[in-house]
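The values are calculated or read from the model by the stated rules, or taken from the named source; none is laboratory data. Quick caveat, the model's predicted, so the values are computed rather than measured. Positions of Cβ are backbone-derived with ideal geometry, glycine not excepted, and every protein chain shown enters the neighbour counts. Each accessible area value is taken on the protein alone, full model and side chains, heavy atoms only, with ligands, DNA and RNA left out. Shrake-Rupley method; radii C 1.70, N 1.55, O 1.52, S 1.80 Å.
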Amino acid sequence: MNTQRPDSTRRVGRRTFLTQGAAWGVVLAAGAAADRTSHEVSPTLAPSDSTKVLGRSVRPYGSRSRFETAARGQVPSPTGESSASLTPLQHLYGIITPSELHFERHHAGVPEIDPARHRLLIHGLVRRRLVLTLAEIQRLPSVSRVHMIECSGNSSTEWARPTMPDVEGTHGMTSCSEWTGVLLATILGDLGVERGAQWVVAEGADGAAMTRSLPIEKCLDDVILAYGQNGEALRPEQGYPLRLMVPGWEGSTHVKWLRRLKLVAEPYQTREETSKYTDLMSDGTARQFTFVMEAKSVITYPSAGLRLPGQGVYEIAGLAWSGRGYVRRVEVSTDGGRTWRDARLQEPIHRIAHTRFRLPWTWDGRECTLQSRCTDDTGYVQPSIADLARIRGVHSLNHLNAIQSWKVTAPGVVLNVRG
Ligand SMILES: Nc1nc2c(c(=O)[nH]1)N[C@H]1C(S)=C(S)[C@@H](COP(=O)(O)O)O[C@H]1N2
Ligand SMILES: [Mo]
C-alpha cells in the first residue's frame, strides 16, 4: 500500500511511516473501502479467471471499463436547450477532470460546428482587422496550461441553507483540464491594439450568441484561445472548435464556440452582465463585473451521500482552487472548525487550477463535522458562510465560496450540513 501511494508517506518520519503502515493494513485486511467505488455491476459479466481467456484486441479510440459508471448529474431545466450538468467530484482522483465528465453549461444547447468552415473575426479598435481559420490559429505559437473553470453559479443553492445531497450538487460546476491554444496577447500584439481599446467583446457561435465584455488588461495577460483539452481537440460541449479560457474568471466569461472578438472603448452591458451574472446585495443594489472566482475548497471524500463502512483509518481528500493564483495552504477540521490541521498538497501545484489535498484521519465512530479551508498566494482565506453572508447577504446567487461542512453521523452516513 505504501509503495503505491508515496505521496501519503513522503516527508514523514520512520516512526510515523510504520504506524501509518500498520493502520492502513487494517483497512486492507477488512477490505473496507468498497463504498468508494462508483459501480455496482454483477461479477458474472466478466470471466471468473481472466488468465484463461484471450483478451480483446486493440481499438482505435479508447473508452473506460464497462464496470465504471460515474456520470455527470443533470441539472433540471424547463427547456432542454438551456442546460447544465455537474462533475461528479466524489468519484474523481487527482486534479484533471476527464473531458467526458467536465461540467456543462449551455444557454442554447451544443451547436454542431464544422471546423473547416469556422472563422474567428477580430475587429474594432485594432490597426488591422483579421479573419482567422482554425488552421491559421493552430500555426501560431501555443501554450498548454492546467486551469480550472468554475461557473459563478456553483454552490448557488447553498446560500440560505444546505440543500444538495452530495458534493456534485454543491460543488460540481467546477472542472479542471489541460488547455492548449494561443495566448490572445500573441494575436493582439501582432494586430496592434489602438489607443482607447479598453474592453474586448467576445461572442459565441451558439444559438445564444453568448456575449461578454472583458477588460483589455486581462486579454493581454493570460487569456488563451483554446482549441485543445486534455491532449485532444476540445469536446463539443466545451466549445469545439474554439473557446476562450479566461483563467480564474467566472465560467460565463469563457465564451465557447468563439467566433468574434471586438475591441471597444466601453463594456457592452449585455444581458449576461446586467440581468445575469451580477450579485444582488442586501441593500438591493447589485455588483457588476465580479469576474474573479475567489479561493474555495471542498472535501470530496468523505462527502455527503457517501457512507463510511465503520470506524478506523481513512484518507480525507478534496480539491482547492483560487481564481487569483496558487493554492498555498489547505487546513482540515474534523471537529466543526474548533481545531485545524494542515493537509498535504499534491504537487505539482498549478496556478489557477484544482489542487488535490489529502490528510490521513482515524474516525472513532462518533458523530463529527468535517470542513476544509483554503488560503491562496495573495493571503486570502476562504470564509465561513456566516462571514460571507454578513458582507454579501444571502440573495446573491453567484460567487458562493464559503467553507463546506459535512456531518459524519454515527452510522457512517455523511450529510450536507451548516457548520
Ligand atoms: N457561447 C457560449 N459560451 C459559453 C456558454 C454558453 O452558453 N454559450 N456558457 C458559459 C457558462 S455560463 C459557463 S459556466 C461556461 C461553462 O463551460 P463548460 O460548459 O465547458 O463547462 O461556459 C460559458 N461559455
Ligand atoms: Mo456559468
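Exactly one of these conditions fails for T157: (1) of a type in the set (S, T, Y); (2) open to solvent by 20 Å² or more (accessible area, probe 1.4 Å); (3) within 11 Å of ligand 1 (Cβ to nearest atom). Give me its number.
(3)
Let's see how each residue does on (1) in contact (Cβ under 8 Å) with a residue 24 or more places away in the chain; (2) within 13 Å of ligand 1 (Cβ to nearest atom); (3) open to solvent by less than 10 Å² (accessible area, probe 1.4 Å); (4) closer than 20 Å to G153 by Cβ:
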site: L220; (1), (2), (3), (4): yes, no, no, no
site: V223; (1), (2), (3), (4): yes, no, yes, no
site: A226; (1), (2), (3), (4): yes, yes, yes, no
site: L234; (1), (2), (3), (4): no, yes, yes, no
site: V264; (1), (2), (3), (4): yes, no, no, no
site: Y268; (1), (2), (3), (4): yes, no, no, no
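Any idea which of E136, E104 is of a type in the set (D, E, K, R), out of contact with any Pro (no Cβ under 9 Å at 6 or more places or on another chain), crowded, with 20+ Cβ neighbours inside 10 Å and within 28 Å of R259 (Cβ to Cβ)?
Values: E136 fails: crowded, with 20+ Cβ neighbours inside 10 Å.
Selected residue: E104, the only one of E136, E104 that is of a type in the set (D, E, K, R), out of contact with any Pro (no Cβ under 9 Å at 6 or more places or on another chain), crowded, with 20+ Cβ neighbours inside 10 Å and within 28 Å of R259 (Cβ to Cβ).
Looking at the range 118-167, which of its residues are over 21 Å from E294 (Cβ atoms), in contact (Cβ under 8 Å) with a residue 40 or more places away in the chain and part of a helix (DSSP H, G or I)?
L134, I137, Q138
Would you be able to tell me the number of residues in the range 64-77 that are open to solvent by 80 Å² or more (accessible area, probe 1.4 Å) and farther than 16 Å from Y93 by Cβ?
To start, the set of residues in the range 64-77 that are open to solvent by 80 Å² or more (accessible area, probe 1.4 Å) comprises 64, 66, 74, 76.
From the residues that got through so far, the ones that are farther than 16 Å from Y93 by Cβ too are 66, 74, 76.
The number of residues fulfilling the criteria is 3.
Of these, S213, S252, which one is touching a residue at least 12 places away in the same chain (Cβ under 8 Å), in contact with a helix residue (DSSP H, G or I) (Cβ under 8 Å, 6 or more places away or on another chain), among the hydroxyl-bearing types (S, T, Y) and not in a strand (DSSP E or B)? Walk me through it before giving the result.
Numbers: S213 fails: not in a strand (DSSP E or B).
Just a single option satisfies the conditions, and that option is S252.
Against the conditions (1) farther than 24 Å from R392 by Cα; (2) over 22 Å from the mean Cα position of the chain (by Cα); (3) surrounded by 15 or more Cβ atoms within 10 Å (Cβ to Cβ), where does E367 fall short? Just the number, please.
Exception for E367: condition (3).
Taking the residues in the range 236-245 that are over 14 Å from I149 (Cα atoms) and open to solvent by less than 20 Å² (accessible area, probe 1.4 Å) as candidates, determine which candidate is farthest from ligand 2 (Cβ to nearest atom). Don't jump to the end; show me each part of the working.
Just the residues of the range 236-245 that are over 14 Å from I149 (Cα atoms), to begin with: 236, 240-242.
So of that shortlist, the ones also open to solvent by less than 20 Å² (accessible area, probe 1.4 Å) come out as 241-242.
On the way: P241: 21, L242: 18 Å.
Looking at residues that are over 14 Å from I149 (Cα atoms) and open to solvent by less than 20 Å² (accessible area, probe 1.4 Å), I get P241.
Just to be sure before I move on: is Y277 in a loop (DSSP other than H, G, I, E, B) and within 16 Å of ligand 2 (Cβ to nearest atom) in the structure I sent?
On the way: in a loop (DSSP other than H, G, I, E, B): yes; within 16 Å of ligand 2 (Cβ to nearest atom): yes.
Against the criterion (in a loop (DSSP other than H, G, I, E, B) and within 16 Å of ligand 2 (Cβ to nearest atom)), Y277 qualifies.
Just to be sure, is G248 closer than 28 Å to R128 by Cα, within 15 Å of ligand 2 (Cβ to nearest atom) and of a type outside the set (V, I, T)?
On the way: closer than 28 Å to R128 by Cα: no; within 15 Å of ligand 2 (Cβ to nearest atom): yes; of a type outside the set (V, I, T): yes.
No, not satisfied.
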